[in-house]
1. Go over the candidates S230, S234 one by one and state the one that is crowded, with 16+ Cβ neighbours inside 10 Å, at pLDDT 95 or above and within 21 Å of K350 (Cβ to Cβ).
2. Can you tell me which residues in segment 313-330 are more than 16 Å from ligand 1 (Cβ to nearest atom) and either charged (D, E, K, R) or closer than 18 Å to E346 by Cα (or both)?
3. Cβ-Cβ under 9 Å, sequence separation 6+ or interchain: first residue in segment 363-374 and farther than 14 Å from Y243 by Cβ and touching a residue at least 60 places away in the same chain (Cβ under 8 Å), partner charged (D, E, K, R) and more than 14 Å from ligand 1 (Cβ to nearest atom). Which pairs?
4. Give the residue that is most open to solvent (accessible area, probe 1.4 Å), with candidates limited to residues of segment 331-384 that are under 20 Å from G318 (Cβ atoms) and among the polar types (S, T, N, Q).
5. Based on what the data block shows, is S98 buried (at least 20 other Cβ atoms within 10 Å of the Cβ), within 16 Å of ligand 2 (Cβ to nearest atom) and either more than 25 Å from the chain's Cα centre (by Cα) or of a type outside the set (A, V, I, L, M) (or both)?
6. Could you tell me whether D38 is without any contact (Cβ under 8 Å) to a residue 12 or more places away in the chain and either in contact with a Phe, Trp or Tyr (Cβ under 6 Å, 6 or more places away or on another chain) or not hydroxyl-bearing (S, T, Y) (or both)?
7. List pairs: first in segment 407-430 and more than 16 Å from V353 (Cα to Cα), second of a type in the set (D, E, K, R) and exposed (fewer than 15 other Cβ atoms within 10 Å of the Cβ), Cβ under 8 Å, 6+ apart or cross-chain?
8. With the checklist (1) open to solvent by less than 20 Å² (accessible area, probe 1.4 Å); (2) within 16 Å of ligand 2 (Cβ to nearest atom) in hand, flag the one item E146 doesn't pass.
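The values are calculated or read from the model by the stated rules, or taken from the named source; none is laboratory data. Here the structure is a predicted model, which means the values were calculated and not measured. All Cβ positions, even for glycine, are placed from backbone atoms using ideal geometry, and neighbour counts span all protein chains on display. Areas reflect the complete protein model, heavy atoms only, side chains present, ligands, DNA and RNA absent. Shrake-Rupley method; radii C 1.70, N 1.55, O 1.52, S 1.80 Å.
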Amino acid sequence: MKEIKILLLYPPEQSWPKTMVKPNGSLAYPYLAGALRDINVESYIYDACVGNDDDSLDDFFTKSSVLPSGMIRTGVSDERILEIASNYDAVGITSIFSQQETQVLHCAKIIKKKFPNKLLFSGGVNAKSRSSIFFAAGFDVIFTSESEISIQQVAKIMQNNSSDFSTVGKIYFKKKDGKIIDNSHFGKIQIDLDKLPIPAWELLPNKRYWEIGRPHGGKAKQGQELRYASMMTSRGCPFSCSYCHIAEEVEGSKSGAIGKFRFKSDDRVINELTILKNKIGAKQVFIEDDSIFGMKKRAIRLLKRIVGFGLDLMDVNGINMIHLVKKSNKAGWMVPDEEVIELLTEVGFKEIVLPFESANPRIIKKWCSNKLALDRFDPGELIKTIKKYKLYVGTNYMLGFPDETRKEVEATVSFAKKMQQYGLDHSNFYLVMPVPGTPIFDYCTKNKHLPLDYNPDRFQWTKANLKNTEVGPKELEKIRDNAWEMCNSEEFKNLRRSWIVG
Ligand code: B12
Ligand code: SF4
């Protein structure tokens, strides 16, 4: 059996001027490295945005360079990436963010050019959706789903000195003759999440992330020591929003049933928390579940245990408003679920962001899974109730759906303005940004709202990309900018501006 070593590389980050660079550090690699560890295959995670102990942050992190696109590149040099890659038999490069694609492809090209015999593979929703571009850049294997099982299979084949991956499901791969084989129609994902490997968090450059101190959300107190880590207690979601990568992923799709809500047992979650606290030395934890309240009672129980654990909850992803309200005596009408809101305060929540998305029930119904439209509850009442518990309340809105009328865009902005009077702390406005792998992306390409040669560098929430819309891109960007200025306090705006670097 051949001994093999696998490098898992986060590429350098690219960002538009006036936005903040935050290192990736997402959970794909800790899970994949955990899967490889479980079959005794050595792997190493290198984040080219922040480097490792042999790289001095002062040499590159604060000295970003400008790319031909006008975006800013933050990370170690190409030469350094090649030096690291030289020690491994295979290199994986994650592509979960479409807006980082250019950096992924660049890394692939330079590595393949220098080391044509190294196996190059990628995964993540963007890689799966843009596989022909990825193969053209030099990738040999693209994983089309959650990959803990399939990466072990690929590694075992490499150990047998073979590159015939025809038995591995949930991948596309390039044969020696250049032919691309699609194996996405078979293969397994993990349904029982307790069987997932324990993430190898220790392989992340945690100390560097903490030193840089740019966690991806939450409110850090002035002077608070940051030692944060991410975890997931569940995968999947009961909803299927048009702009979500798991919305149409069911049994038989290219990724399989990754949209299905699955969760870890309490014991498993406690085990992971223990590792985070004792082995990783984390003090704060981000819960990254897509839909933490997919089962409300379970979520509350778990959140309580997390707080009792001596780790601070930094932020929780995936809270839908439907979980903050409950049925009332009036048929179809929902009222704030004070019990849940109070519990959230007890478990340590400092902030809740309400994803209103749109003030128009038509839009919510058509594009946002009909989650919770304004004709089913009183939003002012919800904000006031949450404020009663002294929580910080932000809101998120989306503007510029492909068929959204001018009147509808204006209605959302006026609604946001009106909500301010209930004591909101901030209002964020995101331009609809259809990304590959989502139903809205397919709709937009089919209906000629997105040109086939669209530019993934522009997949950023302040940039309008859609064509043939009632409100044109330039005007939409202006409406967004004005809405943000109008609906936020000077204090909040100054805080956000102070985050900008580069
Ligand atoms: C956490 C998170 C973040 C964090 C990441 C930091 C952190 N420390 O975790 C932060 C806040 C920075 C973030 C930011 C953004 N995010 Co985000 N984020 C997520 C989230 C919720 C979880 C990611 C994660 O850890 N998943 C868990 C792991 C285990 O799953 P995974 O990443 O899919 O990996 C598996 C497979 O895909 C595959 N795989 C993945 N990579 C690789 C690589 C190889 C080599 C192999 C073999 C396999 C493989 O195997 C993995 C294990 O099973 C996802 C949604 C989701 N559920 O994934 C959105 C998601 C990735 N984010 C998304 C978006 C849109 C954004 C933002 C643009 C939001 C914004 N408006 O700014 C930014 C972009 C940031 C950037 N750098 O460009 C989209 C991306 C869609 C797209 N096509 O681009 C997603 C998919 C959410 C969604 N449903 O739309 N995000
Ligand atoms: S609620 Fe969130 S995770 Fe669930 S389908 Fe909608 S966008 Fe995706």
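1. When all the criteria are applied, what remains is S230.
2. H323, L324, V325, K326, K327, K330
3. Every condition considered, no pair remains.
4. Per the criteria, the residue is N370.
5. yes
6. No, not satisfied.
7. E408/R362
8. (1)
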